[in-house]
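Worksheet: one structure, shown below.
The values are calculated or read from the model by the stated rules, or taken from the named source; none is laboratory data. None of the values given here were measured: they were computed from a predicted structure. For neighbour counting, all protein chains shown are included, and Cβ atoms are generated from backbone atoms with ideal geometry for every residue, glycine included.
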């Protein structure tokens, strides 16, 4: 048990003395006792005793580690948003030891001496001091040791440390020894305590005082040399408080590339919540074909960072790219160089700048062939162009630059997306009311939520404070919530549970019970219930939780990762496991393994426990899995082959990356509303809450995931359902892939069921012959019977060592029939080819509405089919009305056909005595084909008030239009008639403007996003005109309601190109016309009902 002592002078023997009575020093930090990784050591407790003395203890071996004058350099995700670095001690050293040796030993009554491993039982705050609590095993019992360290008053400029040990439990003849010979002590230090040997002291029942008056501290290099630990910290003190994330910088510019897999003509807009395919920091923007990783064509690039301006004045910039690009500084678009072109055609721009840092952002796309991006500048006074140099470029530092394979979804041509349809939702679910629990100055990055027996909420925070708070007044309508901090100094707490009124917090390396000894609710004792599992200093070794059942807590331990996100090899043997912890003894056992980043464990369907795990190596996509004793979940990086070669427990649901998830978090169970009994979980990066329907087939769990809600202030890390069914969510955020874009990094909110009706898919179930979908309310039967509104595909995943994984064996499935039952509440899609061990995906076009004319809240569902159930769907097709015919309802109400699918009877060329040759009947469709005689086509009859129903199908990049109440005084119908636009939004330039996109009242009323169908599919039109009131519908969505007699209409005309067309929109009667715009277009099922 020896050590090395440097210039040590022994003083007097002092035992069983009274406590120190000197006034306590001012503590330099709040909290002044805190847990963290320190100097690459995992289980450390740091105590900032005074402005001259900081000490640290090792909670693994209950030993003294270091005393120094200076500070702690706080680095890491909760301090500086850096992913990788951890706190380090900074300043000159008084004393330092290693922590990897036994320092405690005991002797029994027979004199037999044994080295022992003590139990760290936490610490107690009492009388303005901290008392460390140890249990020392001796035979079948434990000896209790409580140590109070304190800074002694300065004496002749010298710093002193007193360590006061209170011992109990030693029987006659039993002895307790402590090795105090640290590896380094500052020269000329003086100690006053009894040395039994050159290295040991004996501690006896009662109070034992060991004091040291230190000599002059030395540089860390000298102390590190003595301890053999190497240089751990710089010599220059650093700030002790958390830095803003904006302060963490690395040289260069962050480059994120997204494989979009489709032809591009202009910079597309990336749909939110997606991870790049390639992410690095480049030194400067002078890039060619070989500088974009493995991506060679059809990709989008985002370049972000900061330009550090050196001189005041006008700065000129030159941007060259192949293909298009846009360059922003701050909020200013400096150069718009969009479109298809080569790098030999640069564009220039300028901006007047002041010295300092300004955000820089470039959007870039590459379609095919060569790729290049180059940014040059002229600073004030420069005569020549030069590449913007690395020394003035910085990027956000400390990020794990996470990537994911597969193509990413983008919006072309400036089009908008419909929230909840192939893109995230944006708002709060209409059946739930959102409230923010807002207390000025309280910005919680929430690591855990639970409730006390009296209903008050308890929250722990994943931040530099490591705090625990009681939040009151959160029920009903939240008016004046209050917050009280009851604990602080915890290490990255990511789990909290209240059991029988007692609060337990899961720290990164310990399960801690918070004990109030004096009735003021503030924690006095931080009792270490369990801390035996393996942990290293790796920043990614989180401990996630916390749930409790019977007498057991359950927590999940994340694995270590290397820069870039791959799993560290080898792992500590306990990483990637779920641990079960006895709530009385703290003993733990490992119950399931093969996890990576299981940021969420909670109660879900059937009252069982479920875990979410995050994509990485061996996880091709994120997933929700059941907690099962002995399960192996597939992450082969966690241990030897003997632990990772068994059968893999399948997920309840895969969460296809970037589509319905990215960084899933805590699961919970609905207790109110139409989804009672179903599950939900949060997502840190994709944001909001997702909903999961679960069923059990032959003992195998599987289910379907849906979008549920967005609209929260931050990405969701913790979810807890309150006793009244309210759903409380805690937000969190950090750099890299650990935040929802555009959101805050903190937040505490709740949503409460309000009973409003919402139309959406409630359940999806596979059958041996297809798919059954149940809605929350009956669907419009006619619309639901249309096979064209259903898009179905399936794929599987193959885990491997790569980070993430693509979809494998992906293919489209075709519904052969639709059977509508229960008045529209259920539909059955007859589908062949569903496979086990696959995910199948269903999208319903937004054209489907409920019987009450409510639109679908969300259009997509992802079902993980682990086991095919032994059940058949009923096939009794509900047939839609055939094209070019009237339904029974239409015939009875007075509709007539304007096109029968066989001839052009009833149609003639606009201002022509015949039908132009370009118009013909093909396969029952009224089709225009370019290259023949052109011209618009109109009805023979005029109509005033009417209801017009028809379908259109446009060609790739095509344009056409539908006019009504047009007359032939002018050469073209749009001089008098109002137009509904017919367009391929994705590929025609008019699609960049909602006022001229498909379905718009051309140039006057914008069409909502995402309501058109794919090119080649039929779109449904309905136009209702009654006097001056006209309504436009596209695919069952009301696009515009126009009052031709209103000031609004007059003002719109006055501000448009139509202001000089004196007869535009003035006719009470006129023809129906379809437009030749030079592109292939087809119309069918044209029917009209006169209303006058």
Among 390, 394, the single one that is within 30 Å of residue 257 (Cβ to Cβ), touching a residue at least 40 places away in the same chain (Cβ under 8 Å), crowded, with 20+ Cβ neighbours inside 10 Å and over 19 Å from the mean Cα position of the chain (by Cα) is 394
Residues in the range 874-889: is at least one farther than 30 Å from residue 430 by Cα, outside the structural domain of residue 1033 (by TED's automatic domain parsing) and buried (at least 21 other Cβ atoms within 10 Å of the Cβ)? no
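Any idea which of 170, 156, 138 is surrounded by fewer than 22 Cβ atoms within 10 Å (Cβ to Cβ) and on the phi > 0 side of the Ramachandran plot?
Going through 170, 156, 138 in turn, just one is surrounded by fewer than 22 Cβ atoms within 10 Å (Cβ to Cβ) and on the phi > 0 side of the Ramachandran plot: 156.
Can you confirm whether residue 605 is surrounded by fewer than 24 Cβ atoms within 10 Å (Cβ to Cβ), in the same structural domain as residue 737 (by TED's automatic domain parsing) and over 19 Å from residue 538 (Cα atoms)? It would help to see each step written out before you state the result.
Numbers: surrounded by fewer than 24 Cβ atoms within 10 Å (Cβ to Cβ): yes; in the same structural domain as residue 737 (by TED's automatic domain parsing): yes; over 19 Å from residue 538 (Cα atoms): yes.
Judged against the criteria, residue 605 is a match.
Go through the range 272-302 and give me each residue that's part of a strand (DSSP E or B), surrounded by 23 or more Cβ atoms within 10 Å (Cβ to Cβ) and modelled with pLDDT of 95 or more.
As a first pass, look at the range 272-302 and keep what is part of a strand (DSSP E or B): 278-282, 286-287, 299-302.
Among the residues that remain, those that are also surrounded by 23 or more Cβ atoms within 10 Å (Cβ to Cβ) are: 279, 299-301.
Those that are part of a strand (DSSP E or B), surrounded by 23 or more Cβ atoms within 10 Å (Cβ to Cβ) and modelled with pLDDT of 95 or more: 299, 300, 301.
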_Qualifying residue in the range 1049-1058 (condition: over 27 Å from residue 985 (Cα atoms) and in a helix (DSSP H, G or I))_ = yes
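Residue by residue through the range 553-563, note down the ones that are surrounded by fewer than 16 Cβ atoms within 10 Å (Cβ to Cβ) and either in the same structural domain as residue 279 (by TED's automatic domain parsing) or more than 15 Å from residue 402 (Cα to Cα) (or both).
Filtering the range 553-563 for residues surrounded by fewer than 16 Cβ atoms within 10 Å (Cβ to Cβ) gives 562-563.
Hits for the range 553-563: nothing passes.
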Of the conditions (1) farther than 17 Å from residue 658 by Cα; (2) surrounded by 22 or more Cβ atoms within 10 Å (Cβ to Cβ), the single one that residue 863 does not satisfy is (1)
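Considering only residues that are part of a loop (DSSP other than H, G, I, E, B) and under 27 Å from the mean Cα position of the chain (by Cα), look in the range 482-504 and name the one that is surrounded by the fewest Cβ atoms within 10 Å (Cβ to Cβ). Explain how you work it out, then say what you get.
Initial filter on the range 482-504 (part of a loop (DSSP other than H, G, I, E, B)): 488-494, 500-501.
Narrowing further to those that are under 27 Å from the mean Cα position of the chain (by Cα): 488-494.
Working: 488: 20, 489: 25, 490: 28, 491: 25, 492: 24, 493: 29, 494: 29.
If we take residues in the range 482-504 being part of a loop (DSSP other than H, G, I, E, B) and under 27 Å from the mean Cα position of the chain (by Cα), then 488 is surrounded by the fewest Cβ atoms within 10 Å (Cβ to Cβ).
Return the only residue of 525, 549 being out of contact with any helix residue (DSSP H, G or I) (no Cβ under 6 Å at 6 or more places or on another chain), closer than 28 Å to residue 596 by Cβ and in the same structural domain as residue 585 (by TED's automatic domain parsing). First the steps, then the outcome.
Details: 525 fails: closer than 28 Å to residue 596 by Cβ.
That would be 549, the only listed residue that is out of contact with any helix residue (DSSP H, G or I) (no Cβ under 6 Å at 6 or more places or on another chain), closer than 28 Å to residue 596 by Cβ and in the same structural domain as residue 585 (by TED's automatic domain parsing).
Select the strands (runs of 3 or more DSSP E) contained entirely in the range 895-945, then report the ones holding at least 1 residues which are without any contact (Cβ under 8 Å) to a residue 60 or more places away in the chain and surrounded by 14 or more Cβ atoms within 10 Å (Cβ to Cβ). Write out each step before concluding.
Values: elements: 907-909, 919-922, 925-928, 937-943.
It comes to 907-909, 919-922.
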Only one of 1067, 1022, 1041, 1013 is without any contact (Cβ under 8 Å) to a residue 24 or more places away in the chain and touching a strand residue (DSSP E or B) at 6+ places or on another chain (Cβ under 8 Å), namely 1041
Kindly check whether there is at least one residue in the range 564-587 that is more than 18 Å from residue 40 (Cα to Cα), buried (at least 17 other Cβ atoms within 10 Å of the Cβ), modelled with pLDDT under 95 and under 25 Å from the mean Cα position of the chain (by Cα).
-> yes
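Residues 682, 646, 677: which one is touching a strand residue (DSSP E or B) at 6+ places or on another chain (Cβ under 9 Å) and either assigned by TED's automatic domain parsing to the domain that holds residue 258 or on the phi > 0 side of the Ramachandran plot (or both)?
Working: 682 fails: either assigned by TED's automatic domain parsing to the domain that holds residue 258 or on the phi > 0 side of the Ramachandran plot (or both); 646 fails: either assigned by TED's automatic domain parsing to the domain that holds residue 258 or on the phi > 0 side of the Ramachandran plot (or both).
Only one candidate qualifies: 677.
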Exercise. Looking only at the range 419-430, decide whether some residue is crowded, with 21+ Cβ neighbours inside 10 Å and outside any loop (DSSP other than H, G, I, E, B).
Key: no
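Quickly run through the range 786-797 and pick out the residues that are out of contact with any helix residue (DSSP H, G or I) (no Cβ under 8 Å at 6 or more places or on another chain) and at pLDDT below 95. Lay out the reasoning, then the answer.
First, the residues of the range 786-797 that are out of contact with any helix residue (DSSP H, G or I) (no Cβ under 8 Å at 6 or more places or on another chain): 786-788, 790-797.
Once the filter is applied, which keeps residues that are out of contact with any helix residue (DSSP H, G or I) (no Cβ under 8 Å at 6 or more places or on another chain) and at pLDDT below 95, the range 786-797 yields 786, 787, 788.
Condition test on residue 307, is it assigned by TED's automatic domain parsing to the domain that holds residue 376, within 30 Å of residue 261 (Cβ to Cβ) and either modelled with pLDDT under 95 or crowded, with 17+ Cβ neighbours inside 10 Å (or both)? Please lay out each step first, then the result.
On the way: assigned by TED's automatic domain parsing to the domain that holds residue 376: yes; within 30 Å of residue 261 (Cβ to Cβ): no; either modelled with pLDDT under 95 or crowded, with 17+ Cβ neighbours inside 10 Å (or both): yes.
Criteria not met by residue 307.
Looking at 979, 968, can you tell me which residue is out of contact with any helix residue (DSSP H, G or I) (no Cβ under 6 Å at 6 or more places or on another chain), at pLDDT 95 or above and assigned to a loop (DSSP other than H, G, I, E, B)? Don't jump to the end; show me each part of the working.
Values: 979 fails: assigned to a loop (DSSP other than H, G, I, E, B).
The unique qualifying residue is 968.
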For the range 766-781, the count of residues that are part of a loop (DSSP other than H, G, I, E, B) and under 16 Å from residue 855 (Cβ atoms) equals 4
Okay, strands (runs of 3 or more DSSP E) sitting entirely in the range 788-864 with 1 or more residues that are touching a strand residue (DSSP E or B) at 6+ places or on another chain (Cβ under 9 Å) and more than 24 Å from residue 694 (Cα to Cα), I get 808-813, 815-821
Going through the range 254-271 in order, the residues found to be part of a loop (DSSP other than H, G, I, E, B) and closer than 22 Å to residue 306 by Cα are 267
Taking the range 405-418 and keeping only residues that are at pLDDT below 85 and assigned to a loop (DSSP other than H, G, I, E, B), one is left with 412, 413, 414, 415, 416, 417
Of 76, 70, the only residue that is part of a strand (DSSP E or B), on the phi > 0 side of the Ramachandran plot, in the same structural domain as residue 25 (by TED's automatic domain parsing) and in contact (Cβ under 8 Å) with a residue 60 or more places away in the chain is 70
Every listed condition ((1) at pLDDT 95 or above; (2) in contact with a helix residue (DSSP H, G or I) (Cβ under 9 Å, 6 or more places away or on another chain)) holds for residue 439 save (2)
Counting only residues in the range 633-658 that are at pLDDT 95 or above and not in a loop (DSSP other than H, G, I, E, B), the one surrounded by the most Cβ atoms within 10 Å (Cβ to Cβ) is identified as 653
